[in-house]
Structures are given as structure tokens and as C-alpha cells.
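Each remark here refers to the structure printed beneath this line.
Laboratory data are not the source of any read-out in this text; all were calculated from the coordinates shown. Keep in mind that what you see is a predicted model, and the values were worked out from it rather than measured. Cβ: placed from backbone, ideal geometry, glycine included. Neighbour counts: every protein chain shown.
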Amino acid sequence: MPAACTTIESHADIEAGLADLARRDPRLAAVRARAGAVPLRRTQPGFAGLADIIIAQQVSKQSAEAISGRLARLVDPLTPDNYLAAGETAWREAGLSRPKQRTLTGICAAIRDDGLDLTGLCALPADAAIAALTAIKGVGPWTAEVYLLFAAGHRDVFPAGDLALQAASATAFGLSARPDEKALRAMAESWSPWRGVAARLLWAYYAQCTGRAVMP
């Protein structure tokens, strides 16, 4: 892959990242052997994709998929204007909690009133894009980082606040306790510029170890 490439666009990019990570940190070679296939998992940028990420917070993958499916049927297509027009009755029927309703409403307001461009954010440096997203009430670093990983394909974003990544790291590296966000972020620094692939690898490893798919 050309050195100038800064995004993850294909399975070939994943393989290039995995090879480089194994050279940088030999422990990751053993993780890769256990993890099996490491998914690409790219989504289209925009409101619907960000909504799916917000819905996935603090619920099981199965619950998130059910809620997203109901919302997509009730608000079709899922655009900011259509979401706002649907109102609380549709939001409740879909299964959205009140905090998630408020967060999605805040995102719609930022798009409509403040000119937030969710597609344009994907072309920004990660720090700038994360700052723009987390300026919206209810959108935290995890949401912003996951959006940039999968909608923008940023190759060097690592959502260290993710509990599954923390648990996977503890198991993979024989730690006595699950690292917190600060500790895991420091650990991941040595995996730059492929931290986005490292996150995918650890999610795949966690799925193999637990039998539960947890990649957002």
C-alpha cells in the first residue's frame, strides 16, 4: 500500500496494518493468530451511520440492531429533517432512550442550524473532527472515534474508552486488571500509525475469546 495512504479502504489495508503491527509489537502476532478474520467494517458517512453508533452505546449488539431496524422503518430515509419530523412517538416506538433522543436531536440541530457537515468531517484531521463532534452535548470521545474509524476510515484512531478493547487488552497481554482509558491510550501509542487496525484486531480477538461480537 502506498505510504501516503492515511485511511483504511480495503482488506489489503487491514493486512498491511496487521503486518506492521506485528513488527512493532510482537505480542500482537499472537493476538492475530487467535483473532481469526479481522473485519474491514466500513460504513457510509452521514447522520444515519452516526445514529447507529449512538444507538449501540451501552446495549447489546442484538438490541442495537433491533432499535436501528425499527427506527429505519419508522423514519425512512433516516435524515435529520425526517428524524425531527417523526417526533417523540416514533422515537419511543423505535426504542430510543430519552438521552439518545436528546443526543440525536442535538446532532440534527448542529447540522441544520450550525452547518455541521458529517461527510466533510471525514476529510479533517482526527483531532479536529473529534473536537467538532464532541462539542455536541451527548456525543463523547468514544462516539466520535468510532464514527471516524468506520465512516471515515481513519487508520490511526483508537477508542480507548471501549470496554471490550480494555478487556481484550487485559487478556491478551496478561494484565492483572483491565486498563482504564488513560492507560490503554498510552499503551496504544506504540501502535501508531495503525491504531485503527489494532482496534479492529482486539475486537476480533475479544469476539473469539468470549463468543460475543462487540465491534460497534
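Potential lengthening of the chain between ASP117 and ARG102 amounts to 3.5 nm, from the contour at 0.36 nm per residue minus the alpha-carbon distance. Each part reduced to its alpha carbon centroid, the stretch 171-216 and the stretch 54-69 end up 21 Å apart. By other beta-carbon atoms within 10 Å, ranking PHE47, PHE150 with the fewest at the front produces PHE47, PHE150.
Dividing the Cα radius of gyration of the chain by its Kirkwood radius returns 0.98 for Rg/Rh. Between GLN44 and LYS137, the contour length at 0.36 nm per residue exceeds the alpha carbon distance by 31.2 nm. Just to confirm the number: angle between the C-alpha axis of helix 195-210 and the first principal axis of the chain, 0 to 90 degrees, nearest 10? Helix 195-210 sits roughly 90 degrees off the main axis of the chain. Can you give the FRET efficiency for LEU163 and ARG27, using 1/(1 + (r/R0)^6), R0 = 25 Å, r = Cβ-Cβ distance, to the nearest 0.05? According to the calculation, E is roughly 0.75.
Here is the tail figure for the stretch 5-97: Cα pairs spaced more than 20 Å apart come to 53 percent of all pairs. Using 0.36 nm per residue and subtracting the Cα-Cα separation, the extra length available between VAL59 and SER192 on full extension is 44.9 nm. Each of HIS154, HIS11 has some number of other Cβ atoms within 10 Å of its Cβ, and from fewest to most they run HIS11, HIS154. The label point for ARG178 and the one for ASN82, both projected 7 Å from the Cα toward the Cβ, are 3.6 nm apart.
If one computes P(r) from the Cα atoms of the stretch 47-152, what percent of pairs lie at distances over 20 Å? Before the final figure, lay out the partial values.
Working: 1863 of 5565 pairs.
Of all Cα-Cα distances in the stretch 47-152, 33 percent exceed 20 Å.
Mind checking which of ALA151, ILE136, LEU96 is farthest towards the positive end of the stretch 47-152's charge dipole, using Cβ charges of +1 (Lys, Arg) and -1 (Asp, Glu) about the Cα centre? With unit charges placed on the Cβ atoms, the residue in question is LEU96. For a straight C-alpha distance cut-off of 21 angstrom, the lysines reachable from LYS100 (same-chain residues fewer than eight places away being disregarded) are LYS61, LYS137. A helix-only calculation puts the chain at -18000 deg cm²/dmol for mean residue ellipticity at 222 nm, using -39500 (n - 2.57) for each DSSP H run of at least four residues, averaged over all residues.
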